[in-house]
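The values are calculated or read from the model by the stated rules, or taken from the named source; none is laboratory data. Not measured: the values here are computed from a predicted model. In this analysis, Cβ positions are derived from the backbone assuming ideal geometry, glycine residues included, and neighbour counts consider all displayed protein chains. Note: areas computed on protein heavy atoms with side chains; ligands, DNA, RNA excluded. Shrake-Rupley method; radii C 1.70, N 1.55, O 1.52, S 1.80 Å.
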Amino acid sequence: MPDAIFAHPRLAAVYDAFDGDRDDLAAYLAVADELGARTVLDVGCGAGSLAVLLARHGRTVVGVDPAEASLDVARAKDHAGQVRWLHGDATTLPALDADLATMTGNVAQVFLTDADWTRMLRGVHAALRPGGHLVFETRRPERRAWEEWAAETGPETRDVPGVGRVERRSQVTVIDLPLVSVRLTYRFLADGAMLSSDSTLRFRDRDEIESSLVASGYRVRDVRQAPDRPGREFVFVAQRAG
């Protein structure tokens, strides 16, 4: 089941406001250009920021996500009508013959078990054309991002159009490596409502990810740094081998 931040309609509606200006998406647009990708699958598309960006630049785009509330937000965006939105996950995809599949926003870390991770990789493999690519990012475990999260104790407040001011607090609740759990608590100042979302992320190291890609039918073509977050994340460029 998707986390409440994506699945609860009231939280999904404020997700973009706290997600920043998404400078990271320009790198994925550049990768699509680099690989000559015309048809792109956005796995875990969430509120659709990358999908609509790709559509605006002339790509044929399919966005898939298990959270219907996030898809509702995505469908309301400009250019959303140019995207095919699917409610589901990588294991429920039809044959797409996609040139490129992407996972942004560290979606790769929500697959907690080896079995779930493998099912996702194989589902994407089936949706790609032969020679198509999977590109995704994931945080580097050695950077110990959870220590920075634990040090952030103050609230963030955003003024969300149509909603009003919303306050968010974050708390690291469990560290049991390779798993880290975080609770986000939102207070809607207009009516005082409070809602929480609990998330657990898995931190995989480079060797583990490379081995899993090869075992699932990919060739690892490159492992890069995220240009807007140097040294903090791996960006994997993998190609469907068969």
task = Give the residues of region 84-95 that are touching a strand residue (DSSP E or B) at 6+ places or on another chain (Cβ under 6 Å) and either open to solvent by less than 10 Å² (accessible area, probe 1.4 Å) or not in a strand (DSSP E or B) (or both), sorted by residue number.
result = GLY88, ALA90
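Of all residues in region 165-176, which are open to solvent by less than 90 Å² (accessible area, probe 1.4 Å) and either among the hydrophobic types (A, V, I, L, M, F, W, C) or within 13 Å of GLY154 (Cα to Cα) (or both)? Lay out the reasoning, then the answer.
Filtering region 165-176 down to residues open to solvent by less than 90 Å² (accessible area, probe 1.4 Å) leaves 166-168, 170, 172-174.
Result: VAL166, GLU167, ARG168, SER170, VAL172, VAL174.
Quick one: in region 97-118, of everything that is hydrophobic (A, V, I, L, M, F, W, C) and touching a strand residue (DSSP E or B) at 6+ places or on another chain (Cβ under 6 Å), which residue is surrounded by the fewest Cβ atoms within 10 Å (Cβ to Cβ)? Give the derivation first.
Going residue by residue through region 97-118, those that are hydrophobic (A, V, I, L, M, F, W, C) are 98, 100-101, 103, 107-108, 110-112, 115, 117.
If we keep only those that are touching a strand residue (DSSP E or B) at 6+ places or on another chain (Cβ under 6 Å) too, we end up with 98, 100-101, 103, 108, 112.
Values: ALA98: 25, LEU100: 25, ALA101: 28, MET103: 26, ALA108: 25, LEU112: 13.
Among those residues, the one meeting the criterion is LEU112.
So, restricting to helices (runs of 4 or more DSSP H) that lie completely within region 1-83, which ones have at least 1 residues that are within 20 Å of LEU201 (Cα to Cα), touching a residue at least 40 places away in the same chain (Cβ under 8 Å) and aromatic (Phe, Trp, Tyr)?
4-7, 15-18
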ask   = Can you find even one residue in region 119-136 that is aliphatic (A, V, I, L, M), surrounded by fewer than 20 Cβ atoms within 10 Å (Cβ to Cβ) and in contact with a strand residue (DSSP E or B) (Cβ under 8 Å, 6 or more places away or on another chain)?
value = no
request  = Check VAL220, VAL214 and return the single one that is open to solvent by 40 Å² or more (accessible area, probe 1.4 Å), within 23 Å of ASP99 (Cβ to Cβ) and in contact with a Leu (Cβ under 7 Å, 6 or more places away or on another chain).
outcome  = VAL220
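Does region 38-56 contain at least one residue that is open to solvent by 50 Å² or more (accessible area, probe 1.4 Å), in contact with a strand residue (DSSP E or B) (Cβ under 8 Å, 6 or more places away or on another chain), of a type outside the set (Ser, Thr, Tyr) and more than 30 Å from ARG183 (Cβ to Cβ)?
Pass one, region 38-56, residues open to solvent by 50 Å² or more (accessible area, probe 1.4 Å): 38, 56.
Now narrow it down to the ones that are in contact with a strand residue (DSSP E or B) (Cβ under 8 Å, 6 or more places away or on another chain): 38.
Then drop every residue that is not of a type outside the set (Ser, Thr, Tyr), which leaves 38.
Of the ones still in play, those that are also more than 30 Å from ARG183 (Cβ to Cβ) are 38.
Looking for residues that are open to solvent by 50 Å² or more (accessible area, probe 1.4 Å), in contact with a strand residue (DSSP E or B) (Cβ under 8 Å, 6 or more places away or on another chain), of a type outside the set (Ser, Thr, Tyr) and more than 30 Å from ARG183 (Cβ to Cβ), one finds at least one in region 38-56, hence yes.
Within region 20-76, which residues are charged (D, E, K, R), modelled with pLDDT of 95 or more and within 25 Å of VAL160 (Cα to Cα)? Give the derivation first.
Pass one, region 20-76, residues charged (D, E, K, R): 21-24, 33-34, 38, 42, 56, 59, 65, 68, 72, 75.
So of that shortlist, the ones also modelled with pLDDT of 95 or more come out as 33-34, 38, 42, 56, 59, 65, 68, 72, 75.
Listed by number, the residues that qualify are ARG56, ASP65, GLU68, ASP72, ARG75.
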